[in-house]
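So the structure is just underneath, and the comments pick up after that.
The values are calculated or read from the model by the stated rules, or taken from the named source; none is laboratory data. These numbers come from a predicted model, not from an experiment. Reconstructed Cβ throughout: ideal geometry from the backbone, glycine too, with neighbour counts over all protein chains shown. Quick note on the areas: whole protein, heavy atoms, side chains included, nothing else; ligands and nucleic acids left out. Shrake-Rupley method; radii C 1.70, N 1.55, O 1.52, S 1.80 Å.
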Amino acid sequence: MVYTNFTVETDADGIALVTWDMPGKSMNVFTAEVMDELNAVIDATVADAAVKGVVFTSGKSSFSGGADLSMIKSMFSFYQEEKAKDPAEAAKKLFDLVGRMTGLFRKLETCGKPWVSAINGTCMGGAFELSLACHGRVASNDKSVKIALPEVKVGIFPGAGGTQRVSRLTDAQSALQMMTTGQSLTAARAKAMNLVHQVVEPDQLISAAKQMIKDGLKPIAPWDEKGFKAPGGGIWTPAAAQLWPAAPAILRRETSGNYPAALAILKCVYEGLQVPFDTGLKIEQRYFTHVLQTTEAYSMIRSLFISMQELGKGARRPAGQPKTELKKVGVVGAGFMGASIAYVTAAAGIPVTLIDRDIEAATKGKGVGEGLVKDSIGKGRLTQDEGAALLSRITPSSDYADLKDADLVIEAVFEDREVKKAVIEAVEAVLPPGAVFASNTSTLPITGLAKNSKRPADFIGVHFFSPVEKMMLTEVILGKETGDRAIAVALDYVSAIKKTPIVVNDTRGFFVNRCVFRYIHEAYDMLIEGVPAAMIENAAKMAGMPVGPLALNDEVAIDLSYKILKATVADLGEKAVDPRHMQLVTGLVEREGRLGRKNAKGFYEYPPKPAKKSLWPGLKDLYPQKKADDVDVNVLKQRFLVTIALEAARTMEEGIVTDPREADVGSILGFGFAPYTGGALSYIDGMGVKTFVKLCEKLAAAYGPHFQPTALLKDMAAKGETFYGRFDPYAAKKAA
Ligand code: NAD
């Protein structure tokens, strides 16, 4: 039989090699068609008496990324449509749909012939669940092999037998750790956890897998053998009595109860280990059906998988612009940001000229890259040769003439209009026609800076976040005259360095910093009201923010906040800032000398390591303190999320951000906006704009007019609209 996605070759020993290689895709994923074909492959190999066993592998460099999440997204639409007709019937149909993969893998596991999965590269999610259903698992020791059940990161969980098989192969604690964090395992770690049987050299993979069958591998899973006991003895043992009472508390500490999928994993494992395997699968299927109906799962899959992928692939790239292969990038300013920008550019294989005022400063900037390379070699992420090659791509210089063949120059010099003006002129004097100039400014509007340029159509903002090598987001900012080619080049660059871009129009603070300062300013309000600082920080984390607002302000630097407040007053007048904020920050910076993490004195104290930071006790003396019992932590949580979401809504209303996917992805990747919400606008859509408007009005009455809902929100509430409906990112595609 001929398959579209698989080839089957049976050797003289009767071992069928099933190779999964989807045409036209860089990565194998489970789709409905793949499941149909796999079903047929199982039937055919069972029916063929010549086949003694099956080795299953991938024809691509990676094994598989797991289920096609677009398929899961289509389950949401299916469920919504069915629910409108008959909710009970809809839930039943969803349950059956969800069970399809589970049933297929169980069929494979009980087909009567031994299957061995030969894992040659990244093996994620549903693909690892398939491997778990095979009777043997061999993994290549290539460092590209990563094994994970990462579903929880997009709001779902391993729902094709993963929770039941992992917890029957390894101890419950490791199983929970793996699935509730979605962590990646190396082949060696997976073997140590008993999740794979053998780890071999890449060129031995298939022969080792075949050998397992020749050595008489039984086509029976351990849990289908009589007398099977889960590792550690299951639930009713002294060891389990140590683990299980603490497990929900640990999970709550890590997730604040915000992630239904993480809790479902706990329940699946706990309940599943007390019943026969097939009943365990049913339990998992029920919880999966439940989780799929949550707003969290819907919003997380949309933002963290679908939108992120679409933006990464250039959803906002202007049509008709040829792709730019960047041959050389210039970075001017080899300081804190420029040095790291040069590093990530070189890491993407692009030669960089790194310029500063003198060669010493430029060379010092390259030194930052040398430090990062050393770290990566130490962690085994780079070989010595790869590290040396990366560094050879960074050329320090103080001569602007070296930029004469650059396709793109990014400036990261001091945040000073005059300094930037001089740099723009010096660069443009040598830059070839058609090359693009990008500024990494955080606060200066791009349109204003472009006034210093002779070619404003080639002028754009490319705004990085620190630490550049870790932060996945880059804001691309359009000045009034920025042309399509500059946008395309900037997006091609961001894509080359493997970051996710959002394209925003020019405004003070762009998108991310506008939202971030709302978050920090809400914390200022709370401090001024006398809310204990520890409550402020904890409430933010309970709301799902990765870093408390005071800790974040320490990282950003309090004197930078001070500078920005002063600049806002200078540009927009006294009324543009809250005088109480100004007083708080002025006091901290000028009177107390508290600048943040950089001088080890901010909202927190930073004692020498290994001691941990702790809140500065002096904060208590700044304002009369409320008793913790008099403060409603749920309201604090709401205030943080609502103030940021409102700012995101304002950026849509002002046309700064034009696509809700960008506000959502930008808010999660830029400052960690409660990921379970799917981002700042999905947070509003998730509760419904009408409910959000009511919440804003309630908060405005109690905490100030900055919570007033905007005209756009009120209009949307009246019309029953959502952001994804009103600003439908796919409208143009649908119309075409
Ligand atoms: P920095 O002071 O660490 O580095 C600036 C570098 O520019 C210095 O090495 C300096 O010698 C060099 N420089 C100054 N004038 C120059 C000139 N005429 N020619 C060549 N080099 C010159 O500053 P930074 O924190 O890296 O910030 C740089 C830019 O990046 C600013 O526009 C800032 O707003 C922006 N930015 C900073 C952050 C951040 O977290 N620090 C984040 C995003 C964007």
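Across the stretch 335-349, what is the number of residues that are open to solvent by 10 Å² or more (accessible area, probe 1.4 Å) and either over 22 Å from the mean Cα position of the chain (by Cα) or within 8 Å of the ligand (Cβ to nearest atom) (or both)?
So the answer is 4.
Considering only residues that are within 14 Å of the ligand (Cβ to nearest atom) and either modelled with pLDDT under 95 or not small (Gly, Ala, Ser) (or both), which ones fall in the stretch 431-447?
Kept after step one, since they are within 14 Å of the ligand (Cβ to nearest atom), are these residues of the stretch 431-447: 437-446.
Matches in the stretch 431-447: PHE437, ASN440, THR441, SER442, THR443, LEU444, PRO445, ILE446.
Look through GLU418, GLU411, GLU386, GLU428 and report the one residue that is within 11 Å of the ligand (Cβ to nearest atom), more than 16 Å from SER340 (Cβ to Cβ) and either in the same structural domain as PHE336 (by TED's automatic domain parsing) or not basic (Lys, Arg) (or both). Steps first, please.
Values: GLU411 fails: more than 16 Å from SER340 (Cβ to Cβ); GLU386 fails: within 11 Å of the ligand (Cβ to nearest atom); GLU428 fails: within 11 Å of the ligand (Cβ to nearest atom).
Within the list GLU418, GLU411, GLU386, GLU428, the selection yields GLU418.
What tally of residues in the stretch 10-53 results from selecting those that are of a type in the set (S, T, N, Q), in contact (Cβ under 8 Å) with a residue 60 or more places away in the chain and open to solvent by less than 30 Å² (accessible area, probe 1.4 Å)? Quick ask: steps written out before the conclusion?
Taking the stretch 10-53 as the starting set, the residues that turn out to be of a type in the set (S, T, N, Q) are 10, 19, 26, 28, 31, 39, 45.
Next cut, in contact (Cβ under 8 Å) with a residue 60 or more places away in the chain only: 28, 39, 45.
Within this subset, residues satisfying the condition of being open to solvent by less than 30 Å² (accessible area, probe 1.4 Å) are 28, 45.
So the answer is 2.
From (1) on the phi < 0 side of the Ramachandran plot; (2) outside any helix (DSSP H, G or I), pick out the condition that doesn't hold for LEU372.
Of the numbered conditions (1) on the phi < 0 side of the Ramachandran plot; (2) outside any helix (DSSP H, G or I), the odd one out for LEU372 is (2).
For a quick check of your reading of the model, give me the residue pairs whose first member lies in the stretch 199-215 and is within 17 Å of GLY59 (Cβ to Cβ), whose second is of a type in the set (Ser, Thr, Tyr) and open to solvent by less than 80 Å² (accessible area, probe 1.4 Å), with beta-carbon atoms closer than 8 Å and at least 6 apart or on different chains.
Cβ pairs passing all conditions: PRO202/SER140; LEU205/THR57; LEU205/SER140; ILE206/THR57; ALA209/THR57; ALA209/SER117.
Is it fair to say GLU81 is within 32 Å of the chain's Cα centre (by Cα) and at pLDDT below 95? Full working, then the answer.
On the way: within 32 Å of the chain's Cα centre (by Cα): yes; at pLDDT below 95: yes.
Yes: the conditions hold for GLU81.
Every residue in the stretch 203-219 that is in contact with a Pro (Cβ under 9 Å, 6 or more places away or on another chain) and surrounded by 14 or more Cβ atoms within 10 Å (Cβ to Cβ), please.
MET212, ILE213, LEU217, PRO219 - these are the residues of the stretch 203-219 that are in contact with a Pro (Cβ under 9 Å, 6 or more places away or on another chain) and surrounded by 14 or more Cβ atoms within 10 Å (Cβ to Cβ).
Only one of these is among the β-branched types (Val, Ile, Thr), within 30 Å of MET300 (Cβ to Cβ) and open to solvent by 10 Å² or more (accessible area, probe 1.4 Å): VAL516, VAL577. Name it.
Values: VAL577 fails: within 30 Å of MET300 (Cβ to Cβ).
Only one candidate passes the filter, namely VAL516.
Within the set of pairs 6 or more residues apart or between chains, which connect a residue that is open to solvent by 10 Å² or more (accessible area, probe 1.4 Å) inside the stretch 422-451 to a residue that is of a type in the set (Ser, Thr, Tyr) and part of a loop (DSSP other than H, G, I, E, B) with Cβ atoms less than 8 Å apart?
Once the first residue is open to solvent by 10 Å² or more (accessible area, probe 1.4 Å) and sits in the stretch 422-451, its partners that are of a type in the set (Ser, Thr, Tyr) and part of a loop (DSSP other than H, G, I, E, B) give GLU428/SER453; PRO445/THR507; ALA450/THR482.
Specify which of the listed residues (ASP685, ASP659, ASP664, ASP715) is open to solvent by 30 Å² or more (accessible area, probe 1.4 Å), more than 18 Å from ARG639 (Cβ to Cβ) and not aromatic (Phe, Trp, Tyr).
Numbers: ASP685 fails: open to solvent by 30 Å² or more (accessible area, probe 1.4 Å); ASP659 fails: open to solvent by 30 Å² or more (accessible area, probe 1.4 Å); ASP664 fails: open to solvent by 30 Å² or more (accessible area, probe 1.4 Å).
Exactly one residue qualifies, and that residue is ASP715.
Exactly one condition in (1) within 15 Å of the ligand (Cβ to nearest atom); (2) in contact with a strand residue (DSSP E or B) (Cβ under 6 Å, 6 or more places away or on another chain); (3) small (Gly, Ala, Ser) is not met by SER561; state its number.
(2)
List the number of the failed condition for LEU641; all other conditions in (1) closer than 23 Å to VAL531 by Cα; (2) free of Cβ contacts under 8 Å to residues at least 12 places away in the same chain hold.
(2)
Does GLY365 fit the bill of being outside any helix (DSSP H, G or I) and either free of Cβ contacts under 8 Å to residues at least 60 places away in the same chain or more than 14 Å from the ligand (Cβ to nearest atom) (or both)? Can you show your working first?
On the way: outside any helix (DSSP H, G or I): no; either free of Cβ contacts under 8 Å to residues at least 60 places away in the same chain or more than 14 Å from the ligand (Cβ to nearest atom) (or both): yes.
No.
Please verify whether ALA148 is modelled with pLDDT of 95 or more, crowded, with 24+ Cβ neighbours inside 10 Å and aliphatic (A, V, I, L, M), treating the condition exactly as stated. Spell out the reasoning first.
On the way: modelled with pLDDT of 95 or more: yes; crowded, with 24+ Cβ neighbours inside 10 Å: no; aliphatic (A, V, I, L, M): yes.
The answer is no for ALA148.
Would you pick out the residues in the stretch 68-85 that are open to solvent by less than 70 Å² (accessible area, probe 1.4 Å) and farther than 15 Å from THR289 by Cβ? Please lay out each step first, then the result.
First pass over the stretch 68-85, keeping only residues open to solvent by less than 70 Å² (accessible area, probe 1.4 Å): 68-79, 82.
Result: ASP68, LEU69, SER70, MET71, LYS73, SER74, SER77.
With the condition kept exactly as written, say whether any residue in the stretch 369-383 is assigned by TED's automatic domain parsing to the domain that holds VAL494, surrounded by fewer than 21 Cβ atoms within 10 Å (Cβ to Cβ) and within 11 Å of the ligand (Cβ to nearest atom).
Within the stretch 369-383 (the criterion being assigned by TED's automatic domain parsing to the domain that holds VAL494, surrounded by fewer than 21 Cβ atoms within 10 Å (Cβ to Cβ) and within 11 Å of the ligand (Cβ to nearest atom)), the answer is no, since none of the residues qualifies.
One residue is enough: does the stretch 280-303 have a residue meeting the conditions out of contact with any Asp or Glu (no Cβ under 8 Å at 6 or more places or on another chain), touching a residue at least 24 places away in the same chain (Cβ under 8 Å), open to solvent by 50 Å² or more (accessible area, probe 1.4 Å) and polar (S, T, N, Q)?
yes
Just the residues that are buried (at least 18 other Cβ atoms within 10 Å of the Cβ) and either without any contact (Cβ under 8 Å) to a residue 12 or more places away in the chain or out of contact with any Gly (no Cβ under 8 Å at 6 or more places or on another chain) (or both), please, taken from the stretch 98-108.
Restricting attention to the stretch 98-108, the residues satisfying the condition of being buried (at least 18 other Cβ atoms within 10 Å of the Cβ) are 98-99, 101-102, 104-106, 108.
The answer is GLY99, LEU104, LEU108.
Which ones in the stretch 459-492 are away from the ligand (no atom under 16 Å from the Cβ) and either not β-branched (Val, Ile, Thr) or not in a helix (DSSP H, G or I) (or both)?
At the first step, the residues of the stretch 459-492 found to be away from the ligand (no atom under 16 Å from the Cβ) are 478, 480-489, 491-492.
Selection gives LEU478, LYS480, GLU481, THR482, GLY483, ASP484, ARG485, ALA486, ALA488, LEU491, ASP492.
Within the group THR643, THR658, THR651, which residue is outside any helix (DSSP H, G or I) and either in contact with a strand residue (DSSP E or B) (Cβ under 9 Å, 6 or more places away or on another chain) or modelled with pLDDT of 95 or more (or both)? First the steps, then the outcome.
Working: THR643 fails: outside any helix (DSSP H, G or I); THR651 fails: outside any helix (DSSP H, G or I).
Criteria check complete, one pass: THR658.
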